[in-house]
Amino acid sequence: MSVSPSVSAVSTPTQAELLDFVRRTAADAQLISSLPLDPEGRTWVRLEGPGGSEAWLIGWPPGTGTGWHDHAESVGAFVTASGELKENSLTARLPADGWKTLELTEGIDRERRLPAGKGRSFGQHHVHEVLNESTAEHAISVHAYYPPLPQIRRYSRTGHVLRLEHVERPEDWQ
């Protein structure tokens with residue numbers, strides 16, 4: 001009788017599982033209050049996400065934001081833990097590569113207000129910007145991505161024109 005070795009399967013986290021993780025983490029008041037906040041720049045702490053995902057706890061001073069960007073081939077989720085964030089996003093899927101400038105069509109912009117406890121998940125190549133528009137209050141959020149971010153593409157936007165400005169790799173932000 002032969003016995004085959006057992007293989008432990010690691011499951012890839014889904015968008016729903018990432019969203020569940022960031023919601024549970026955002027509800028951890030002790031963790032949220034432990035994040036050091038800077039009055040001028042964003043602060044962040046890397047967390048262990050589910051199934052090998054990359055996760056971050058991020059502090060947003062008043063008036064700060066990410067600028068337009070995507071997370072390449074990663075899916076993700078984020079939830080506001082305190083304060084309120086605004087997400088501007090595009091509803092159209094953009095080509096992954098091979099372009100520097102695109103003219104966007106009418107009606108593809110979406111705006112979401114995400115007060116404490118609210119968040120969302122998103123698929124690959126999701127282009128958005130996240131902002132803390134408050135003039136007085138910090139916001140704190142929890143983010144998770146799978147696979148761990150291979151790159152972030154940064155864009156500028158003028159009216160309906162979106163321009164790829166540069167590509168960041170993990171060594172640029174860790």
For a quick check of understanding: with a 1.4 angstrom probe and all protein chains in place, what accessible area in square angstrom does I152 have, to the nearest ten?
20 Å²
With label points built 7 Å along Cα→Cβ from the Cα atoms of T12 and K118, find their separation and express it in nm.
3.1 nm
Enter the accessible area of E54 (Å², nearest 10), with the probe set to 1.4 Å and all protein chains included.
0 Å²
Measuring with a 1.4 Å probe in the full set of protein chains, what accessible area per residue, in whole Å², belongs to the chain?
54 Å²
Please give the residues of segment 109-131, grouped as numeric ranges, whose backbone N is less than 11 Å from a label point set 7 Å along the Cα-to-Cβ vector of E137.
115-117
Cα centroid distance between segment 22-85 and segment 112-174, in Å?
10 Å
Helix-only mean residue ellipticity at 222 nm for the chain, each DSSP H run of n ≥ 4 adding -39500 (n - 2.57), per residue, nearest 500
-3000 deg cm²/dmol
With P(r) over Cα pairs in 10 Å bins from 0, in percent defined as stated, name the option among (1) 10, 39, 37, 13, 1; (2) 10, 36, 35, 13, 4, 2, 1, 0; (3) 9, 28, 31, 21, 9, 3, 0 computed from the structure displayed.
(2)
Got a sec? What order do R24, R157 fall in by accessible area at 1.4 Å, biggest, i.e. largest, first?
R24, R157
When ranked by the protection proxy of mean other Cβ atoms within 10 Å per residue, highest first, what sequence do the peptides 35-43, 66-74 form?
66-74, 35-43
Given the Cα-Cα distance of L37 and S156 and 0.36 nm per residue of separation, how much length would full extension add, in nm?
40.1 nm
Which whole-number percent gives the relative contact order of the chain, counting Cα pairs below 8 Å spaced six or more residues apart?
30 percent
The chain - percent of accessible surface contributed by carbon and sulfur, probe 1.4 Å:
50 percent
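The values are calculated or read from the model by the stated rules, or taken from the named source; none is laboratory data. Every value quoted in this text rests on a predicted model; they were computed, and no experiment measured them. A quick note on method: Cβ atoms are made from the backbone with ideal geometry, for glycine too, and the neighbour counts reach across all protein chains shown. Note: areas computed on protein heavy atoms with side chains; ligands, DNA, RNA excluded. Shrake-Rupley method; radii C 1.70, N 1.55, O 1.52, S 1.80 Å.
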